[in-house]
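Below is one structure, written out as structure tokens; comments come after it.
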Amino acid sequence: MTLTEAQARHAQLAGEIQRHDHAYYVMGQAVISDRDYDRLYRELLDLEQTFPALITPASPSQRVGGAPLSEFKSVRHAVPMMSLDNTYSQAELTEFVQRVQKLLPGEPLEWVVEPKVDGLAVSLRYESGAFTVGATRGDGTQGDDITANLRTIRSLPLSLGARSSHRLDATVVGGPETACGSPLAGGLLEAKTGERARSAQDSAGDLPGDSRCCARDGRTPEPGQPAVPAVLEVRGEVYMTRSGFEKLNAERVAAGEEAFANPRNSAAGSLKQLDSKIVAQRPLDIVLYSLGEVTEGARPGSQWTMLEWLKELGFKTPERTWFCRSAEELLAAIAELDKVRGGFNYETDGAVIKLNDFDQQRRIGATAKAPRWAIAYKYAAEQARTRLKAITVQVGRTGALTPVAELEPVFLAGSTIGRATLHNEDYIREKDIRIGDTVVIEKAGEVIPAVVAVELAARTGAEQGFSFPTTCPECGAATAKETGADETAGAIWRCVNRECPAQVRGRIEHWCSRGAMDIEGGGEVMAAQLVKHGLVRDVADLYTLKLEQLAALERMGEKSAGNFLAGVAASKTRDLWRLLFGLGILHVGAGGAKSLGRHFASLDEVLAAGEDQLQAAQDIGVVIAQSLLQWREDKRNRELVERLRAAGLNFTSQLYQPQAAAGPLAGKTFVLTGTLPTLTREAAAAMIEAAGGRVSGSVSKKTDYVVAGTESGSKLEKAQKLGVTVIGEPELRVMTGAQPKGI
Ligand code: IVH
């Protein structure tokens, strides 16, 4: 195959994959089996391996994340990203409508109501239809360039217009040729018959597209997609899906990491990551609702038609929107949104009300910070007030101390709450929470109750500040503060005594848990009894337990003791990943343990691997690799491994897939240094990885090649000292099978 042929096939595959991504991630309905999708993807990867020049930022293969950045670049917004004024009552909302009417005397006003998505505002820039830059809002004028992170979000189109050749959704909804049969026929802006507020989906069916024929102010668009302006900036909100958030938090807790407080923090923490490979694993999504800079050409004249236009272009837009013509209709829409928003897969904290007509918007303009034509209506969260009786501290399996609010029981959203989380020390300090305070509690994410505020006016002066204990409440050993743990930002206090009964109990329980060694009967109560009676100090002790020891425990018959021992015996043959996960090594969750199991044949191989070798496993980054090395450093852990081996536990991996030598550089490690003539560091790394090689950050005896450009510094010196082969970009191109530059 020539490069030209490969280019044509690559473009075809990329287009097809994008159409399927759109169908699945934006429209929510797959039109191809996973297997067929994987086949297309595989073919694309194979082509890129043979012709690395095909690896462009717009390729679907780049969604998995790239080389970590050292910092985010700053981006200036061509059009400032404004904020919104808030209202909290129906009266204020009616006043807002009156204010706008006064600015536009005698003119009919139309409104669009959208959910206020509780995420992070971002701006996406497309040039000639290609996604070029994505940025955070920052201070409104300048934000961070988070392009690499945003590229990992599957519903975000990497190029616009790629769906135009054959529309997947046309087979489902009939496509733009469909006659205008929706109640909105004739153009939204002409339908002024004073119908009640309604939702786009209510009036136009569940699938986007039904009112397409009426898009762009009533003019019938050409079949296919609308033309894409040379520069198009689209704005919206990145959020973490509720279901994804819960799963992610469960995994974090299982890996001994701190849970995120809510989906918003979790999305914010994810976008702040410098390593886009981590972001690629986070369940992020994006919804778009406004425009920034847009050059020339036909563009929609109203918010409603703009949302339709964005949908046509392949963006995900708010799943319910309401079209209103009066304050009464607005109030009805807001009430309806409040009823249905619990069913959305993102959190909403209100409604956004926007004047529909762009010309009217332009004429009334904005204040220094917010537009005069839009407002956010915030729903009151389900809250309750109660007294904070005490703050207790729970000790987890990794020794992490979690502060818990002990409350005067209070009824909130369907249940009685006596305890609520206080997250961490920083949280308590920021909110100035004191024992004896009257506090406001909220069901965050409608599940976990949290203390969100203090009623300062209710203070008597008798309240007491809280400081974290310097000794562990369980074992009395010293506690230590760990700072900058990760993007959850809050500092963590830990009990440093690994023999602490709370930690031992936690470790036993975790080892026995279903996701780990799956030992029936080894729950919280059993773990507590075993530790309390001194029968078990670590997980290896489980394998020396005798029936009579167990049968002597409180509320334990011979039968359940026998069942538990049978479960312990059965666990000896569990696969390696379960054992690895069960050991409770910080940051090694079930997913990480499986990745290790696929890459290494046995526990001995995992424990003998160096940092680079560990990172060679799929999805194993520096955090997990270093945590494993640190764990192995501890003599007590090495002894534990030997006792488990002596007890007869399986150390081999059934998941192990020997790495088939894939690509001309399989098994070779490269280090990049200096500035290469034409390739950026990212592009060179991608080229090496596509050819099966690995890129490492530092030169060692294990390095096979150093690729040096101009201004190579200490890495080049080290390579020369160690006798590592040094090559340049032309040699690299030959080795990877890439076309030499210029062909
Ligand atoms: S419009 C100039 N629409 O709310 C108008 N914002 O409190 C710009 N938000 O910064 C914003 N959902 O991050 C708009 N449907 C929606 C929204 C929305 C959430 C966020 C956005 C904005 C903040 C203002």
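The values are calculated or read from the model by the stated rules, or taken from the named source; none is laboratory data. Just so it is clear, the structure is predicted and the values come from calculations on it, not from any experiment. All Cβ positions, glycine included, derive from the backbone under ideal geometry; neighbour counts span all protein chains shown. Please note that ligands, DNA and RNA were not included when accessible areas were found on the heavy atoms of the full protein model with its side chains. Shrake-Rupley method; radii C 1.70, N 1.55, O 1.52, S 1.80 Å.
Over the chain, calculate the relative contact order: mean separation of alpha carbon pairs under 8 Å at least 6 apart, over the residue count, as a percent.
Over the chain, the number comes to 12 percent.
Could you check what % of the DSSP bridge pairs in the chain are antiparallel, to the nearest 5?
DSSP beta bridges in the chain are roughly 85 percent antiparallel.
So what is the relative contact order of region 1-151, in percent, for Cα pairs below 8 Å that sit 6 or more residues apart?
Relative contact order of region 1-151: 22 percent.
Rounded to the nearest 10 Å², what accessible area does residue 595 show when all protein chains are kept and the probe is 1.4 Å?
10 Å²
Rg/Rh for the chain to two decimals, with Rh computed the Kirkwood way over all alpha-carbon pairs. Before the final figure, lay out the partial values.
Values: Rg = 29.4 Å, Rh = 29.4 Å.
Radius of gyration relative to Kirkwood radius: 1.00.
Going by average Cβ neighbours within 10 Å, how do the peptides 641-648, 326-333 rank, with the highest at the top? Walk me through the intermediate numbers first.
Numbers: 641-648: 14.5, 326-333: 19.1.
Descending mean neighbour count gives 326-333, 641-648.
Which Rg and Dmax, in Å, describe the Cα atoms of region 358-433?
Cα radius of gyration and Dmax of region 358-433 are 20.9, 60 Å respectively.
Place a label point 7 angstrom from the Cα of residue 525 along the Cα-to-Cβ direction, then list the residues of region 557-571 whose backbone nitrogen is under 16 Å away.
Under 16 Å, as judged by backbone N against the label point of residue 525, lie 557-565 of region 557-571.
Return the equivalent ellipsoid semi-axes of region 534-591 as a descending list in whole Å, where each equals the square root of 5 times an eigenvalue of the C-alpha gyration tensor.
26, 13, 9
How compact is region 402-480 by the rule of thumb for globular proteins, expressed as Cα Rg over 2.2 N^0.38 Å?
Taking N as the residue count of region 402-480, the ratio is 1.18.
Counting pairs of alpha carbon atoms under 8 Å apart in space and at least six apart in sequence, what relative contact order in percent does region 367-461 give?
Averaging sequence separation for qualifying contacts and normalising by length gives 26 percent for region 367-461.
With a 1.4 Å probe and every protein chain left in place, work out the accessible area per residue of the chain in Å², rounded to a whole number.
Accessible area per residue, the chain: 46 Å².
Could you pull out every residue, at least 5 positions away or on a different chain, whose amide H is within less than 5 Å of the one on residue 394? Hs are placed 1.01 Å off N in the peptide plane, and Pro or chain starts have none.
Excluding prolines and chain starts, which carry no amide H, the hits are 402, 404.
If R₀ is 30 angstrom, what is the calculated FRET efficiency for the pair residue 383 and residue 76, using the beta carbon separation as r and rounding to 0.05?
Values: r = 40 Å, r/R0 = 1.32.
For residue 383 and residue 76, the calculated efficiency is 0.15.
For the peptides 134-142, 257-265, what is the packing order when you average, over each peptide's residues, the other Cβ atoms within 10 Å and list the highest mean first?
Working: 134-142: 18.0, 257-265: 21.1.
My ranking of the peptides, most packed first, is 257-265, 134-142.
Beyond 25 Å, what share of the Cα-Cα pairs of region 19-176 is found? Please give it as a whole percent.
52 percent
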